[in-house]
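The values are calculated or read from the model by the stated rules, or taken from the named source; none is laboratory data. Every value quoted in this text rests on a predicted model; they were computed, and no experiment measured them. Neighbour counts are summed over all protein chains in view; Cβ atoms, including those assigned to glycine, are modelled from backbone coordinates with ideal geometry. Note: accessible area is taken over every heavy atom of the protein model, side chains too, but ligands, DNA and RNA are not part of it. Shrake-Rupley method; radii C 1.70, N 1.55, O 1.52, S 1.80 Å.
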Amino acid sequence: MFEAFDHTADVGLRVRAASFEKTIAESCRGLFSLLVANLESVRVEHTEVVEVAGDEPPLLMFDCLNELLYLFATRGLLFRDFRVERTATGLRVTACGEKMDAVRHRMEHEVKAITYHGLRCEPSDDGWLAEVILDI
């Protein structure tokens, strides 16, 4: 489960999930739900695999979101479904979606960057909790 929260001139994303992998997947969905208002309209027609190296959960989340935002900014790719796997060197995220279609997709926020401010991704009493601030 993810939710957005206001943060000065930015927007925050808070995610709660049962496992680290599900937390990353929900963070990715949360990012794209902020980019496109009608995320359910994104078709699953294209797959991209993003691999990030490291072992610190917050930095893995940051790098993953940053890579996906880069794919949106440079290639206009919107993603809706995510499969996350831990690897020996970090994370492998399979993102499924399509190229942005101005007719079908209602764009919401212009996310300029993922920030380190307030970044957290850690175990909690009921699974995992993550927070990230997005520069809009």
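Values computed for the structure shown
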quantity: Matching residues, the range 38-60, being in contact with a His (Cβ under 8 Å, 6 or more places away or on another chain) and surrounded by fewer than 20 Cβ atoms within 10 Å (Cβ to Cβ); calculated: Asn38, Ser41
quantity: Some residue of the range 85-104 being of a type outside the set (Gly, Ala, Ser) and within 17 Å of Leu13 (Cα to Cα); calculated: no
quantity: Pair list, Cβ < 8 Å and 6+ apart or interchain, from the range 89-107 residues that are within 20 Å of Thr74 (Cβ to Cβ) to residues that are at pLDDT 95 or above and among the hydroxyl-bearing types (Ser, Thr, Tyr); calculated: Thr94/Thr47; Ala95/Thr47; Cys96/Thr47; His105/Ser41
quantity: The lone exception for Phe79 - which of (1) farther than 14 Å from Leu129 by Cα; (2) out of contact with any helix residue (DSSP H, G or I) (no Cβ under 9 Å at 6 or more places or on another chain); (3) not basic (Lys, Arg) it fails; calculated: (2)
quantity: Filter result (part of a strand (DSSP E or B), among the charged types (D, E, K, R) and open to solvent by 60 Å² or more (accessible area, probe 1.4 Å)) within the range 82-113; calculated: Arg83, Glu85, Arg86, Arg92, Lys99
quantity: Residue within the range 17-31 that is on the phi < 0 side of the Ramachandran plot, modelled with pLDDT of 95 or more, open to solvent by 80 Å² or more (accessible area, probe 1.4 Å) and not polar (S, T, N, Q) present; calculated: yes
quantity: Strands (runs of 3 or more DSSP E) contained in the range 1-77 and holding at least 2 residues touching a residue at least 40 places away in the same chain (Cβ under 8 Å) and touching a Gly at 6+ places or on another chain (Cβ under 9 Å); calculated: 10-17, 46-53
quantity: The range 122-136, residues that are assigned to a strand (DSSP E or B) and either more than 13 Å from the chain's Cα centre (by Cα) or surrounded by fewer than 17 Cβ atoms within 10 Å (Cβ to Cβ) (or both); calculated: Glu122, Pro123, Ser124, Gly127, Trp128, Leu129, Asp135
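Here's the yes/no breakdown for (1) more than 12 Å from the chain's Cα centre (by Cα); (2) at positive phi:
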position: Glu48; (1), (2): yes, no
position: Leu69; (1), (2): no, no
position: Gly76; (1), (2): yes, yes
position: Arg80; (1), (2): no, no
position: Ala88; (1), (2): yes, no
position: Leu91; (1), (2): yes, no
